[in-house]
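Each reported figure results from applying straightforward, stated rules to the coordinates on display, with no laboratory input. These numbers were taken from a predicted model, which means no experiment stands behind them. Cβ atoms come from the backbone with ideal geometry, glycine included; neighbour counts cover every protein chain shown.
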Amino acid sequence: MADNDSVDLVVLGSGPGGYTAAFRAADLGLTTALVERRPTLGGVCLNVGCIPSKALLHAARVVEEAREMKAHGLDFGEPTIDLDRLRGWQDKVVGQLTGGLAGLAKKRKVEVIEGTGEFLGPNQIRVTGINDQRVLRFAQAIIAVGSEPVRLPGLPEDPRIIDSTGALALADIPERLLVVGGGIIGLEMATVYQALGSRITVVEMMAQLMPGTDTDLLRPLQRRLQKQCENLYLGTRVGAITATATGLTVSFDGPKAPPTAEFDRVLLALGRIPNSHGVNAPAAGVKVDDYDFIPVDNQQRTNVPHIFAIGDIVGQPMLAHKASHQGKVAAEAAAGLDSVFAARVIPAVAYTDPEIAWVGLTETQAQATGAVFEKGVFPWAASGRALSLGRSEGLTKLLFDPQTHRLLGAGIVGPNAGDLIAEASLAIEMNCEARDLERTVHPHPTLSETVALAAEVFAGTVTDLYLPRK
Ligand code: FAD
């Protein structure tokens, strides 16, 4: 075992938080090591999260759009699905990105060390690889070890019970799939497997899908899922799961619990928990809270000032773009810059069909906190572009401060909502008022116009709708 290696900065975990931090630190002149237990860089996001799921969601969208055009005179017939090639394409997309990261690390002279890292002390880390161990001394460290799926205790060990990683592996297309958890990941996977031909049941213990989402944004998605899925059970819990030779027998609990049913696969999508348990944080003196998150200040420093933490490990929202922004801040702070993580808002997107996206204040939050707002809502039924896509069910909603007319929040439902929300994020960061959005000339015909039109609705200047005078 070599124990004389020494670096300015060690980054533990190579997800969007970790690789961004390592690359930025190297660019700022720090000798940097990036420790990752997987054989490829990119973390959950690139390997088993954002990227493979979006590739499959694109495939699902193509299937659905082709099906829908049948009513308008274009019939492609039912798709034939070659799973090996579909999986091959998904793997290629992932491989291009993870391979690209390896190349970027090399160019920057970031040393990538494959193995599981754990602290031995406040300036020492041990990396255990498949065949060897190595001890590294570091001046500073960034913990970016991310999160993993929540597991339900007491379930049988059975390969037919899968998590999101299993679902993305696309082993086959089960005839009947039970999705446990109606949050973003569960519904994205339901969207994929439904389009590929599975009969889907979704069970959610709360009274609504994607709990906490504004109901007007949720409605178009729920309507579509109700048509596409075999069953949507709300306010219902999974009781017991019994593995039999022919399938998985599942019982349900709750006031409207359906009878026991059999499924070919059960996908558990119950949320994610931080990976702090594996890094031996106490050895470095780093505090971990009761929920296994690592508390940090606005420079991402833990209670041990030369050790930083970023991404999923520091708490909600568990999103890749939050992780990468925090990664930059931590790297810059480690290099002596006075960077802070001061994002006012972090957008969230469900890449379902339709997509739902929101940023800043939501109506649900405003009701809970008593925040005062006025809103402008533009229904996509009046958008030429939405109609030409055959998708008039969407809406764009902007929440404004009634006094200053500054944008406080936005919610969008409809195809490409995830791309459209970026304009609202920038508008909030830039303190834009309704008239800034209203008077910015948007290209026609685009879905982006709906952002300006929602501001016009708020201002009472809209001409694409008839609204009684304020
Ligand atoms: P991670 O990406 O979790 O990376 C942490 C890395 O650390 C992992 O590679 C892990 O192997 C490594 N590691 C852990 N412990 C150790 C150790 N002791 N030693 C060495 N290495 C270690 N977010 C979005 O913003 N948009 C999306 O569309 C989206 N879709 C998703 C879809 C799915 C199916 C899933 C599961 C997640 C999705 N997410 C999405 C969430 C997103 O993937 C995470 O928020 C993001 O990856 C967190 O980044 P991170 O850098 O904190 O950690």
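Using the Karplus curve 6.51 cos²θ - 1.76 cosθ + 1.60 with θ = phi - 60°, work out ³J(HN,Hα) for each residue of region 183-188 in order, rounded to whole Hz, and write x for Gly and Pro.
Per-residue couplings from phi come out as x, 4, 5, x, 6, 5 Hz.
For a quick check: with amide H placed at 1.01 Å from N, whose amide H comes under 5 Å from ASN416's, ignoring anything fewer than 5 positions away on the same chain?
It is GLU355, by chain and number.
Placing +1 at every Lys and Arg Cβ and -1 at every Asp and Glu Cβ, with all other atoms neutral, what dipole size does region 333-413 have around its Cα centre, in debye to the nearest 20?
160
How would you order 342-348, 48-54 from highest to lowest mean count of nearby Cβ atoms within 10 Å?
48-54, 342-348
Could you rank the peptides 64-76, 444-456, 182-194 by their average count of other C-beta atoms within 10 Å per residue, with the highest value first?
Ranked by mean Cβ neighbours within 10 Å, highest first: 182-194, 444-456, 64-76.
Once fully extended, how much extra length lies between LYS92 and ARG237, figured as 0.36 nm per residue of separation less the alpha-carbon to alpha-carbon distance?
Full extension from LYS92 to ARG237 adds 48.5 nm.
Tell me, in nm to one decimal, what length is gained between ALA102 and LYS70 on full extension, where the rule is 0.36 nm per residue of separation less the Cα-Cα distance?
Gain on stretching ALA102 to LYS70: 7.1 nm.
Would you please give the residues with an amide H less than 5 Å from that of ASP163, counting only those at least 5 places away or on a separate chain, with H modeled from the backbone geometry?
Amide H neighbours of ASP163: LEU268.
Report the FRET efficiency, 1/(1 + (r/R0)^6), for ASP216 and THR249, where r is their Cβ-Cβ distance and R0 is 22 Å, rounded to 0.05.
0.05
Using amide H atoms built 1.01 Å from N in the peptide plane, name the residues 5+ places from PHE308, or on other chains, whose amide H lies under 5 Å from its own.
Long-range HN contacts for PHE308: ALA141, ILE142, ILE143, THR302.
For region 285-302, take each phi angle, set θ = phi - 60°, evaluate the Karplus expression 6.51 cos²θ - 1.76 cosθ + 1.60, and give the result in whole Hz per residue in order, putting x for glycine and proline.
x, 7, 6, 10, 7, 5, 9, 6, 8, 9, x, 9, 8, 6, 9, 6, 7, 7
Using θ = phi - 60° and the Karplus curve 6.51 cos²θ - 1.76 cosθ + 1.60, what whole-Hz ³J(HN,Hα) does each residue of region 16-31 get, with Gly and Pro shown as x?
The phi angles translate into x, x, x, 5, 4, 4, 4, 5, 5, 4, 4, 4, 8, x, 8, 6 Hz.
Would you mind calculating the gained length between GLU230 and ARG137 on full extension (0.36 nm times residue separation, minus the Cα-Cα distance), in nm to one decimal?
27.9 nm
Got a sec? Charge dipole of region 1-121, +1 on Cβ for Lys and Arg, -1 for Asp and Glu; which of LEU30, GLY13, MET69 is way out at the positive end?
Highest projection toward the positive end goes to MET69.
Which of LYS107/LYS328; LYS54/LYS322; LYS54/LYS375; LYS109/LYS328; LYS70/LYS227 have a Cα-Cα distance over 20 Å?
Among LYS107/LYS328; LYS54/LYS322; LYS54/LYS375; LYS109/LYS328; LYS70/LYS227, the Cα-Cα distance tops 20 Å for LYS54/LYS375.
If packing is taken as the mean number of other Cβ atoms within 10 Å per residue, what is the order of 25-33, 224-232, 135-143, highest first?
Peptide ranking by packing, descending: 135-143, 25-33, 224-232.
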